[in-house]
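Written out below as structure tokens is the structure these notes cover.
The values are calculated or read from the model by the stated rules, or taken from the named source; none is laboratory data. All values reported here derive from a predicted model rather than from experimental measurement. Counting neighbours? That spans all protein chains shown, and the Cβs are built from the backbone with ideal geometry, glycine included. Side chains are part of the model used for accessible areas, which takes the heavy atoms of the whole protein and leaves out ligands, DNA and RNA. Shrake-Rupley method; radii C 1.70, N 1.55, O 1.52, S 1.80 Å.
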Amino acid sequence: MNLPGKIILLLCLGLTFQSYGQETPGIKLTKKPAAGACCEDKNCCAGKETPPGIMTGHIHRAGEWMISYNYMAMLMKGNRTGTSKTSDAEIYNTYMMAPETMNMQMHMLMLMYGITDRLTVMAMGGYNFYRMDMNMQAMVMNGMNMPASAMHCTSSGLADTRVYGLYNFSRKEQYELIGSLALSLPTGSVSCTGTTMLGNNQRVAYGMQSGTGSVSILPGVSFIRQYEKLALGTEAVADIELNNNTAGYRFGNEYHANVWAGYRFLNFMGGSLRAEGVQADNISGSDKVISIPINEQYDPTMNSKNYGGTRCTVYAGLTFHVKKQFKERIRIQLEAGVPVYENLNGPQMSQQANILAGVQYKF
């Protein structure tokens, strides 16, 4: 974990524990009823607008279920090495191919259940889809002149499955201090195939595999401070890979830190602003099928060294509460983000935009 990643994580943790138990002058705290009753019968929790990108920012009362569907789309375009943009011509000094665009889509189903008013369990799985467009410079291969061209590659498959436990340690009505621990199970594939420079039905690059192939643990802590119409929150989560997968490698550990604010500005609608920092370590090891010399020398996405780095992204979101007969049991959420800082182990594709959308139903 490099220095920027440590700074991001420590800042988020510092904000969490420094603010716990303190009052903010000029902002009225909301008196909340018994655990789980918030926002059911009274407008007591109007500011609790947790963004859809925060998965561990709430718990449920005993016996309560919640099912949700979430969609995420990530658009990547162009390349960076470190913090600098890298042109195709610069990539061609080392490789024969240069990534142009990549579109990643994730469909996720999540189920939560409150065992007690403080303890909630959660399971999450999904399906991933990837498309990458690449440019290839003119070259001579096996004695044949090959003109400059473009290549398109797609892959898809089940994602890894995560099982969570979440516990609210706070005994104060206006705070939630939630500790979380998850186990990620390798239900996704690390042998997805598609079109590469070697032809059809070839194993695709590391970043286009639908799973990690490794077991990992995800410890985290979230803190939410509730006001009458405003909620402030911080979150820090790590994703620690425990083993090499069957292909002989493991993705780098990831460290996420979030800071957000949510505000209920209408009775049925609220908004949120969120800043996220992510530090990802390098891939350890390599896939012998992917890392053959012709792949690593011609295609930067096939080289395990071109993964990992630091990203900071800013998001804006909206939450719609379906009221009346549903008593706010249905929420519809939208969130969009753009990166404001990238320092990548490259050449590596640069993010352009993230879009998240979801619908939740409590019963």
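Grab the beta carbon distance between V289 and D133, set R0 = 22 Å, and tell me the FRET efficiency rounded to 0.05. After rounding, the FRET efficiency stands at 0.45.
Our summary gives the range 53-117 a relative contact order of 55 percent, counting only alpha carbon pairs under 8 angstrom and 6 or more residues apart. The length gained by stretching the chain between M269 and K305 to full extension, at 0.36 nm per residue less their Cα-Cα distance, is 8.5 nm. Computed over protein heavy atoms with a 1.4 Å probe, the carbon and sulfur contribution to the accessible area of the range 299-357 reaches 63%. With R₀ set to 25 Å, the beta-carbon distance separating I355 from K85 gives a calculated FRET efficiency near 0.65. Overall, the ratio between the Cα radius of gyration of the range 83-126 and 2.2 N^0.38 Å, rounded to two decimals, is 2.35.
Residues whose amide H falls under 5 Å from that of N245, counting only those 5 or more places apart or on a different chain, are R250, with hydrogens built in the peptide plane. Name the long-range amide H neighbours of A353: under 5 Å, sequence gap of 5 or more, or other chain; modelled H, no Pro or chain starts. The answer is L75. Think of a 1.4 Å ball rolled over the protein heavy atoms: the range 157-313 then has 39 Å² of accessible area per residue.
In sequence order, the range 81-94 has phi-based couplings of 10, x, 9, 9, 5, 10, 7, 4, 4, 5, 5, 5, 5, 10 Hz under the Karplus curve 6.51 cos²θ - 1.76 cosθ + 1.60, θ = phi - 60°, and Gly or Pro positions carry x. Rounded to the nearest whole Hz, the Karplus-based 3J(HN,Hα) values (6.51 cos²θ - 1.76 cosθ + 1.60, θ = phi - 60°) of the range 152-161 follow the sequence 10, 9, 10, 7, 7, x, 4, 8, 5, 9, with x at glycine and proline. In this structure, K172 and N243 have a Cβ-Cβ separation that, at R0 = 56 Å, corresponds to a calculated FRET efficiency of about 0.90. Rounded to the nearest whole Hz, the Karplus-based 3J(HN,Hα) values (6.51 cos²θ - 1.76 cosθ + 1.60, θ = phi - 60°) of the range 337-349 follow the sequence x, 10, x, 10, 7, 9, 9, 10, 7, x, x, 8, 5, with x at glycine and proline. Candidate cross-link partners of K362 among the aspartates and glutamates, defined by an alpha-carbon separation under 17 Å and a same-chain spacing of 8 or more, comprise E40, D41, E49, E64, D117, E328.
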